[in-house]
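Worksheet: the structure to be examined is printed underneath.
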């Protein structure tokens, strides 16, 4: 029995999110069916992040256990012949038995893309949120910077969140502009349910002038969800990267539990 | 009666190309149906470029005549409520009666995108050609530069081309690299049928080492289609921009015929 870690890219447009569920097809289910065929035994995968319906992933991670003799680095080749073209495995590697894709993740980065122009885009309709009203970039960038550091993000969680603590460390929070495309990147140790989309919804309100650039600081102080904007739509969001501490790959029996 | 010029963006993935045809749904047909509803009279559009099935457009142009009183700049708003999300009108403007979207075009630019990495991409599968074998960028960039200037592109035309002359002027031909994405941009006065895709197929052969960087020069000298590579797949190609001379917008009765 060996534990394998996959890096998976997917276009979330046509899926009901990562996690297997009763209504609608999930990425996890499609991946498990391909793995079950490839390995010749029932396979269950554990993903690093349970992305919502419509959210994309450049670097989702998922682990599973198998008795198969497929060399770990061959999994992309084997699985990509079976998977639909909107799911592509980029990497496979053996990890210690105690490795856990979700609980051992020590860093995640997300990217949210906005197209800020008069008319919607045909080509970017599934990956960018269209905002037709001009946004004030300087105000948004100023607010984005105030997220960096360790804060209690209690106000930033959608109902349905199950995290034990709401304190998170944000290491990077940057908004860049290229022509009419705004790209927001956030990197932190972990994220609450819908946290990035609530941040982006608030940034848009700040860019509109409906909220002030100190909105995040007020939400930290008050813990009030209403200090923040609405949850931005799923399709602009991409799970870009999931990181693990180097020890996670080296020490078979050591488990470091990170709260999600 | 007034003549209107539209700028149209589309994702070509689900269309049988620009031009109306018997088998499969064309972008032209979808646009004409929306215009016919909007204007309350049968509308026929004339596009600047007859893009193939799967080819995208950021800036296709098309003109039509109408008796409708819709202000020209309102066409994007009116049409985008009727069109499917993979077709989006970006601009509408009144043009002189003698304006012709195809024959008056004096410049076109195309972009071709390649993902040069081991495994295919889920997110870019419809807009980038995946090439898993490492390509030698320096050789490709050198060859791309040899296209600039006025040449006889007789060897660069797919069968089915109808152009009267095969001499074209290329003003820009540049290959850039960002991480594993190669972006090829070409700008010229006009293009033969499948010319850009034949150029890209040849560039890939040059990057592989199957052809030499002087392949384009040899094809100019010999006129031999076999000196060039295969036609690259449609889905990596985008019609980026179509240009008209300033006079085309100003002088009602002057028609400048450019061979396509």
Peptide A:6-14, shielding by other chains (average Cβ, 10 Å cutoff): 2
For B:119-130, mean number of other protein chain Cβ atoms within 10 Å: 6
Length-normalised contact order of chain B in % [C-alpha pairs under 8 Å, at least 6 apart]: 24 percent
Shielding by partners - mean other protein chain Cβ count within 10 Å, residues of B:77-86: 2
Region A:176-227 and region B:45-93: distance between their alpha carbon centers, rounded to Å: 35 Å
Inter-label distance, nm, simple model (7 Å from Cα along the C-beta direction), residue A:21/residue B:159: 5.3 nm
Among beta bridges that DSSP assigns inside region A:113-260, antiparallel share in %, nearest 5: 90 percent
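What ranking do A:50-57, B:67-74, A:239-246 get when scored by the average of other Cβ atoms within 10 Å per residue, highest first?
In descending order of packing, they fall as A:50-57, A:239-246, B:67-74.
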Shape of the protein assembly as shown, Cα gyration tensor, a/c cut at 1.5: oblate
Cα→Cβ-extended label distance, 7 Å offset, between residue A:169 and residue A:44, nm: 3.2 nm
Kirkwood hydrodynamic radius of region A:2-104, from inverse mean 1/r over distinct Cα pairs, in Å: 13.4 Å
Rounded if a/c under 1.5, otherwise prolate or oblate - region A:193-251, Cα gyration tensor axes: prolate
Shortest-first nm distances, residue A:67 label point to equivalent points in other copies (7 Å, Cα→Cβ): 7.9
Fraction of antiparallel bridges per DSSP, chain A only, in percent to nearest 5: 90 percent
Between 0 and 90°, nearest 10: helix B:27-39 axis offset from chain B longest Cα axis: 20 degrees
Volume per residue that the Cα convex hull of region A:107-240 spans, once the total is divided by residue count, Å³: 96 Å³
7 Å along Cα→Cβ, label-point gaps from residue B:208 to other copies, nm, shortest first: 5.2
Shape call, region B:73-180: gyration tensor on alpha carbons, a/c limit 1.5: oblate
Nearest-ten-degree value, helix B:195-208 long axis tilted from longest Cα axis of chain B: 20 degrees
Other copies of residue A:138: label-to-label distances in nm, shortest first, labels 7 Å along the beta-carbon direction: 4.5
Computed [θ] at 222 nm, helices only, for chain A once each DSSP H run of length n ≥ 4 contributes -39500 (n - 2.57): -6000 deg cm²/dmol
Ratio Rg/Rh, restricted to chain B and using Cα atoms, in which Rh is the Kirkwood radius: 0.99
Spacing of the two label points (7 Å from each Cα toward its C-beta) at residue A:133 and residue B:93, in nm: 2.9 nm
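All of the numbers you see were taken from the coordinates with simple rules; none came from a lab. This one's a predicted model, so the numbers in the text were calculated from it and none came from an experiment. Methodologically, a virtual Cβ is constructed for each residue, glycine included, from the backbone with ideal geometry; neighbour enumeration extends over all protein chains shown.
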